[in-house]
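One structure below.
The values are calculated or read from the model by the stated rules, or taken from the named source; none is laboratory data. Note that the structure is a prediction, hence the values are computed from the model and not measured. Here Cβ is always computed from backbone atoms with ideal geometry, including for glycine, and neighbour counts include all displayed protein chains. Quick note on the areas: whole protein, heavy atoms, side chains included, nothing else; ligands and nucleic acids left out. Shrake-Rupley method; radii C 1.70, N 1.55, O 1.52, S 1.80 Å.
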Amino acid sequence: MSKETYEWIKADDEEKLELQKQIAAETAPLNLFGDDDDSNDGTARVQTWTSSLTNPDGIGGFQNHRNDQDDGAPTKDSDAVSIIFILSDSHDGFGDVVWASSRHIANLLANPNKCRELLLLPLYQTEEEPFETQFHPLKGKRFIELGAGAGIPSWTAMKCGARVVCTDQRKANRIRCMAECIERNYEQMKLEESPYLKDGLAARACPLEWGKSVDEVKAIEEKFDIIIAADCCYMPWLHDEMLDTIDKLLEDKGAAIVPFCLHGNADDDDVWGIVDRAKAKGFAVEELPVTQLTPPGMLMESKQGLVHTLRLTKSSIPN
């Protein structure tokens, strides 16, 4: 993260520490910020998610809707991508839930063949030299996630060799959690002797408010090959701001992937309005196959796990 962001988070820490001291002076000592094992609601603060070739949910990241005690633990694929993530406690639904669309895209990114199809990546690195199959197609790609929350796609891309910038609202605890995720996943990459350590070292966490200045992001990377905005469409009043940000950051030959579910907080037609808004801004828009995943909460409707995916590019896809 930048020095400016570090100083901002440090100031927020100091304010919280002062508040903690005030509370401690009046009551018994409290652990306000949790630890590796527990959050305020009793769930694990530091969790894992693993990609799967057979399970569209992947493994982890949502409340189990059935009793699997007799079935044993889910089977992990030999070439699966496992990541560490942290749920921010900023406020409900913003950073403290792993939404289905996030898991869906991370699962596609982890699979080299599906990743190429999703992002329209070539089978060859150059016209002269075949793609080296021992490397993931994300290796070296400039990747940014908007409204990342827990950042499942970001950490998956990081593990696959992308140069990741993970962004969300200017909330100190959110960015702090993202920075910690970068550190934890990088340490895991070292233990795994990953071939992508150099690319992983480039990962950054950065605040980004849609529709406002992107200078702090551009100080890291000027443009991006891949933009992910998972489950960011449920607020139609912010569609224009999000699309403006995508337009400023997307490389001319890049792709922006916008997966979302219909949560019922806004009219479905208004959420789907992002298609016309994107076309009006000059994007070519493709609707990709719909996929049913498990909703993150046991009391949620199935449509909150039904993932619709849009692919935005700055020019029409060649035949």
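Results, tabulated for the structure shown:
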item	result
Under 5 Å, built H, 5+ apart or other chain: amide partners of Ile228	Ile144, Glu145, Leu146, Ile257
Backbone HN-Hα couplings from phi across the range 144-152 [Karplus 6.51/-1.76/1.60, Hz, Gly and Pro as x]	9, 10, 9, x, 5, x, 6, x, 4
Nearest-0.05 FRET efficiency for Lys218 and Glu187, computed from C-beta distance (R0 30 Å)	0.60
Solvent-accessible surface (1.4 angstrom probe) belonging to Ile227, in square angstrom, nearest 10	0
Residue pairs, from the table Lys141/Lys279; Lys3/Lys314; Lys159/Lys303, whose Cα atoms sit over 27 Å apart	Lys3/Lys314; Lys159/Lys303
Label-to-label distance, nm, for residues given as Trp237 and Trp272 (7 Å Cα→Cβ offset)	2.3
Residues whose placed amide H lies under 5 Å from that of Ala205, excluding near-sequence neighbours	Cys166
Over 23 Å (Cα to Cα) - which of Lys253/Lys281; Lys10/Lys171; Lys198/Lys248 fall in this group	Lys198/Lys248
